[in-house]
Each structure stands twice: as structure tokens, then as C-alpha cells.
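Throughout, read-outs are computed from the coordinates displayed, never taken from laboratory work. Computed from a predicted model, the values in this text were never measured in an experiment. Here Cβ is always computed from backbone atoms with ideal geometry, including for glycine, and neighbour counts include all displayed protein chains.
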Amino acid sequence: MKAPVNFIHQMIDEDIRNNKNGGRVHTRFPPEPNGYLHIGHAKSICLNFGTATKYNGKANLRFDDTNPTKEDTEYVDSIMEDVRWLGFDWDDRLFYASDYFEQLYEWAVKMIREGNAYVDDLNAEQISEYRGTVTRPGKESPFRSRSVEENLDLFTRMKNGEFADGTKVLRAKLDMAHPNMLMRDPIMYRIIHTDHHRTGDKWCIYPMYDYAHGQSDYLEGITHSICTLEFEIHRPLYEWYLQQVAEGEYRPQQIEFARLNLTYTVMSKRKLLQLVNEGIVNGWDDPRMPTICGLRRRGFTAEAIRNFADIIGIAKRDQVIDVALLEFCIREDLNKRSNRAMAVMNPVKLILDNYPEGEEEILEAINNPEDPDAGMRSIPFSRELYIEREDFMEDPPNKFFRLKPGGEVRLKYGYVIRCESIVKDENGQITEIHCIYEADTKRGMPNSNKKVKGTLHWVSAKHALPLEVRLYDRLFVKENPDDLEEGQNFKDFLNPDSLKTITAFAEPSLGAAKPGDRYQFERLGYFCADLDSVSGKPVFNRTVPLKDNWAKIGQAEK
RNA sequence: UGUCCGAUGGUGUAAUUGGCAACACGUCUGAUUCUGGAUCAGAAGAGUCCAGGUUCGAGACCUGGUCGGACAACCA
């Protein structure tokens, strides 16, 4: 599948035509290490690294670590792992905004010297007041007109740790009446006496995003600084800061695109963090999370996620992608690559009355019909089997072509059978289905081509391997959990059935599954052996069910 | 009562830069199938937010609206 040309690539094409930056293309992915990466970041990663590849350029990984109160090496490590897992490589271009603290400081001093920055003593509340509102201009701080000398002295003392958190800030001197609120003397530095994950206690003043980001881009020679739409209004400030320090012609260019939203999930780091902290999910890598590590644990492949990122495209209008598209991408990939296996999730016993008691045989099964190289495997067969309870109906509707009284059906890789009778318990629940099998309908036998409408998966009762299976569903029941009325909370719409753990019965070959191994359980879906698996006793996560036409018919008839 | 941005089938993205709206997902038929999966063939579904204008010709350009989003953290 080929991604269409997006507007960013069109801009780059134009830049190359004009020989801007000598035709050089250099991007960066700039996460703040304050949370785990999610599928929305994957979109950005694919865009940035993909763009670099497409134009024979480079892409940096840069941690935007300017706020020590929120950041942690735990996040740095997970982010690197996730970017790598997605299949991208930053070579030796791993950077941190904190690498530039010294330079940033010097530039700030330069701005003070040139009368473009000042130390303000107003507290946070006052600064907010003085900033005015979106429709009313702000007013200037009484400290705005301090002399350069005084500003220099104060800023040095800020840096030296003479002042408490929150008592002073360094501000750019722009225009308190600017219609764009970001231009109303934005804060450049604040005092934070907190150890930084990389610089320790060396600094107690830290640069704000707007001041640090563009300068970092500049220092790294970034040509196209791609970010999400909410920074669009920051662009004039981005450019203004650059103008204060840049020499020569070169400037990085900020370009904004729409972030990804997915139906039936939330994407904000704050909300994801809340789900983790409140124990609503089991950590950042809970398979229900839209995090990269969650999707990975769920059984997604990097290829599927990259393909998804390609397909959804890049544009500037708000994007809400149907999760069905993500599911399509993983099914498409897993259909081609995963081996099949048989497992029964909701078993009912099926007995072949005419099959010799105590006898058993080995049936040969195709591992992956989509991949001739995947080979064959052996499955034990015997007189007593399990099939899915839903595969039998005593009094079925017309279109039901599974097992019914008097009806015939094929057991996958085995025989055609006919239902003779059923046994129920005192509650009317079916406990046994009795069938007879036709010995000559097995593969390779004369009547093997016998046509029946249905084929069922099954497991030999005696050989069945009990399997913990975790059935995941969407985390929210509401298409857009962020779209709330007064008094509602996104957590009001959590899906109580987002995780169901069951014991399934599987063919013995699954006992060899190792964490990360992916299978298609015939007729059910794609499953991935979880980290919690122990040798011989695997635990499976359902990545995604197979498309189910029958379920759709059932729905329609209700 | 501001600034910036956006608007194309249900969803998302295109339209060779002004030449009778295409692709994917989803939906629906049918064929095929030892997975009601996959595959194959086909169909429905928008006349491009609205109103003007420029033009032989506008989804694209201009003007004015409407609707939606972002911005008033010492977050990024």
C-alpha cells in the first residue's frame, strides 16, 4: 500500500526545488520523557523518521527534558525501546534538550544584554492576571523596566540558587498587548530546585518549552521541525526566539499536522497516566492501552503499526480514526504471518459413538494456509472431543450451518460427523453431544471431498491443554470518551468487559509457545503468548478476533 | 470580543496545482473455501459547509458568512 503525498512532503519538495538548506532534510522526534509512547506518537515517529528516509536525510531522537519535576529515566528507556521496536534507528543522534542548557543560558544572557529579556518578581498568580485575557490586552509588569545590569545580576543569582522556587522568572520582552497571548512576555526560565535526571543538581533554573525547542532544533541543524497542531499558535514565538540568536540564513521551520485520535480510547498522557495510577489498567503495557508497549504486549506487530501510520495520512484537519482500521491492519499482517492452532474457548463435550473406545490417532494440520513454507503439524484425535458450545444449536435458524440434530459438519482436518443425540443436565444445559463419524472422509481417504456446509475446530478432550486466555475488548464503551457533558468524567465510560479471563482447551502443540509467539486460533482470532506465560503453561492475549460474519447475521436477526 | 487553523461519502486520505471527485477502511451483493477467516467479482454511498464573485470551466482562486478546533501552566 502506498501512502499518498501529504502536504508536508509537498512543502519539502518545494524546499528542495528552491535548494533551501542546500536540499538537506533533517527531522527530529522530540518526546518529553514524562510518559510512555502511544499510537499517536507512533504516527509522529513514522512521519519524522519516514520523511528522513524518503529524502535521504536524517532524523534525531531528542528528549525534551526541560522540566525535572515530571521527567524520569524510566520514560527515557521505554521511549528508546519503543522507537527501536517500531523499526527506527537514530544512529548516533541521540540528544537531550538538557545537553544545551549551557548554550541556552548564554543566549538568555545575550537577550538580557540586548534588552529583550528581564527578570520578573511577580508570582504565578500575578503573572497570570497581568497577562490579560484572550480578548483583553495584558499590562506590563512593574519589573519590566529594570536595567540590563540589574537583570543580569538577578538572572545570575537565579542560576546560583539564591532564590526560592516561584519567586522569580526570566521573561522575554515582547508585547503585553499582543493579540496572540503567547507573545505577551512569555516566560523563558523558571526556578526549580529539583534534581534533573541527567544534570543532577547543576541547574536550578530550567528553560521553558518555547524557548528551548526552537533553539535545540537550530543547534541540531533540523530543517523541518514537525509537530502537532496545538503548537501552531506557538510558531510566531518559535520564530521570534530563533531570530534572537540565529546567525546566517539557516532557520529550522516548524510545520504542524493533526494528531491522531482513535475511537473508543483516550490518548492524552494525563488520562493514560491516570488509568495506570488508579489501577484501572495493569500498567502502561496493559494490552488494553493504546501505548506502543501495550499494543506490543497485545500482540501487534511493528509492521502493522507502521502500515497503519501510512494509511491514515497526514493533514491538518482533526482526525478521528475508527479503531476498525487499526484492527484491519493487524489482521492483514497476522493473517499472512501467523501459524494456525486450534483452541476451544467455551467447550462442550462431543462424543463419537462409533469411534473405538481408547483409540487415538494423529491428524496432520496445515500451519498456515497463507504460507506454504510454514509446514505441517500433528494433532491428536480421539473419541471424546471439545467443540465450541456456540457451534451447536438444538433449534437453529436457517442460515446456521454448524452442528444441529441430524446435521452434518466437518471437524477441521478430521472427519465428517453427524449429530445423533444430545444429553442435558437437570438445568437443560447440554452436557454431551453424541455423533457418529464417517471414517472415509478424512484427508486422503476416498470420500474426503464430501461437501458439508460447516467446518468446526475441536480439541481432543484427553489431550486438551488448559490455557489461560485473556480476552480484551475496547477500553471504553463510548466512541469519544473525551466528549463529555457537564459533570461527566471519561472514566464513566469505561467498558466493564474490557478484560475477560477464561480457561480454554487447546491442542497440545501450544504448550511450546513462548512469550511473544503469535497464533491464529482457527475461527476465533489472533492470539499472542503473554509475558506471564511459564514454560509449558502459556497465557494468551487475544490481539483481535477474526471478522465474524455469523455474529453479524445474528445481530441483524435480533 | 481577539489571534491562529481547519471544513471533500459513515471514517480517514487524495484529486498531476483551474479540466466532469479517486483510494482505503466500513457497509451490502455474489462466487469460492476443510477457518461464516482469507481470496475473487461487483454494488451502494459525497457533487466537495453556505452565499456571492473571477473563469469557457472552481473541491481548488477571491470576498463575506456558518460551523469546528487551538491559545489566557512558572507543562510539553
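Once the C-beta distance of residue A:482 and residue A:89 is scaled by a Förster radius of 35 Å, the resulting FRET efficiency is 0.55 to the nearest 0.05.
Classify segment A:139-283 as rounded, prolate or oblate, taking a ≥ b ≥ c as the square roots of the eigenvalues of its Cα gyration tensor: rounded when a/c is under 1.5, otherwise prolate if a/b is larger than b/c and oblate if not.
Values: a/c = 1.83, a/b = 1.30, b/c = 1.41.
Verdict is oblate for segment A:139-283.
Using the Karplus relation 6.51 cos²θ - 1.76 cosθ + 1.60 with θ = phi - 60°, the per-residue 3J(HN,Hα) values for segment A:178-190 come to 4, x, 8, 4, 5, 8, 7, 6, x, 6, 9, 9, 10 Hz, with x marking Gly and Pro. Residues whose amide H lies under 5 Å from that of residue A:350, counting only those 5 or more places away or on a different chain, are A:385, A:386, A:387, A:433; hydrogens are built 1.01 Å from N in the peptide plane. Centroid-to-centroid, using Cα positions, segment A:245-281 and segment A:376-438 are 51 Å apart.
Taking R0 as 30 Å, what FRET efficiency do you get between residue A:399 and residue A:362 from their Cβ-Cβ distance, rounded to the nearest 0.05?
So, using R0 = 30 Å, E works out to roughly 0.30.
The distance from the alpha carbon centre of segment A:148-163 to that of segment A:54-80 is 30 Å, rounded to a whole number.
Packing order of peptides A:408-414, A:291-297, A:345-351, highest average first: A:291-297, A:408-414, A:345-351 (average count of other Cβ atoms within 10 Å over each peptide's residues). Taking other C-beta atoms within 10 angstrom as a stand-in for reagent exposure, A:445, A:342, A:267 fall in the order A:445, A:267, A:342, fewest first. Loop-resident GluC sites (Glu not before Pro) (DSSP state other than H, G, I, E or B) in segment A:83-137 with no more than 12 further Cβ atoms inside 10 Å of their Cβ: A:114.
What is the packing order of peptides A:11-24, A:528-541, taking the mean over residues of other C-beta atoms within 10 Å and listing the highest first?
Highest-to-lowest ranking by the protection proxy: A:528-541, A:11-24.
Straightening the chain between residue A:412 and residue A:144 buys 88.4 nm, computed as 0.36 nm per residue apart minus the Cα-Cα spacing.
Apply the a/c threshold of 1.5 to the C-alpha gyration tensor of segment A:217-359 and tell me whether it is rounded, prolate or oblate. Taking the square roots of the gyration eigenvalues as a ≥ b ≥ c, segment A:217-359 is prolate. The Cα trace of segment A:131-201 gives Rg and Dmax of 14.3, 41 Å, the first to one decimal, the second as a whole number.
Multiply the residue gap between residue A:102 and residue A:425 by 0.36 nm, knock off their C-alpha separation, and tell me the result in nm, one decimal place.
Length difference between fully extended and current span is 108.4 nm.
Of the trypsin sites (Lys or Arg not before Pro) found in segment A:174-232, those in coil by DSSP whose Cβ has at most 14 other Cβ atoms within 10 Å are A:202. Backbone geometry of segment A:55-66 corresponds, through the Karplus equation with coefficients 6.51, -1.76 and 1.60 at θ = phi - 60°, to 3J(HN,Hα) couplings of 9, 6, x, 10, 10, 9, 9, 10, 7, 8, 9, 9 Hz, x marking Gly and Pro. The overall shape of segment A:415-521 is prolate: from the C-alpha gyration tensor, with semi-axes ordered a ≥ b ≥ c, the ratio a/c is 1.5 or greater and a/b exceeds b/c.
Neighbour counting of Cβ atoms within 10 Å sorts the residues A:434, A:193, A:234, A:213, fewest neighbours leading, into A:193, A:434, A:234, A:213. Of the peptides A:419-426, A:501-508, the ranking by mean beta-carbon count within 10 Å, highest at the top, reads A:501-508, A:419-426. Among the trypsin sites (Lys or Arg not before Pro) found in segment A:457-543, those both in a DSSP coil and sparsely packed, with 14 or fewer other Cβ atoms within 10 Å of their Cβ, are A:462. Stretching the chain fully between residue A:123 and residue A:247 yields a gain of 41.2 nm (0.36 nm per residue, less the alpha carbon separation).
As a length-normalised measure over Cα pairs under 8 Å and 6 or more apart, the relative contact order of chain A settles at 11 percent. For a modelled paramagnetic label at residue A:473, 7 Å from Cα along Cα-to-Cβ, the residues of segment A:343-365 in reach, with backbone nitrogen under 16 Å, are A:346.
The convex hull of the Cα atoms of segment A:10-139, projected and averaged over all directions, covers 12.1 nm². Look at the alpha carbon pairs under 8 Å that are at least 6 residues apart: their mean separation over the length of segment A:7-106 gives a relative contact order of 29 percent.
Determine, from the Cβ-Cβ distance of residue A:449 and residue A:114 and an R0 of 60 Å, the FRET efficiency 1/(1 + (r/R0)^6), rounded to the nearest 0.05. In this case the efficiency is close to 0.10.
Take every Cα-Cα pair in chain A and report what % of them are more than 47 Å apart. The calculated P(r) of chain A puts 31 percent of pairs beyond 47 Å. Karplus-based coupling profile of segment A:380-395, in residue order and whole Hz: x, 10, 8, 5, 10, 10, 10, 10, 5, 4, 6, 8, 10, 9, 6, 9, with θ = phi - 60° in 6.51 cos²θ - 1.76 cosθ + 1.60 and x standing for Gly or Pro.
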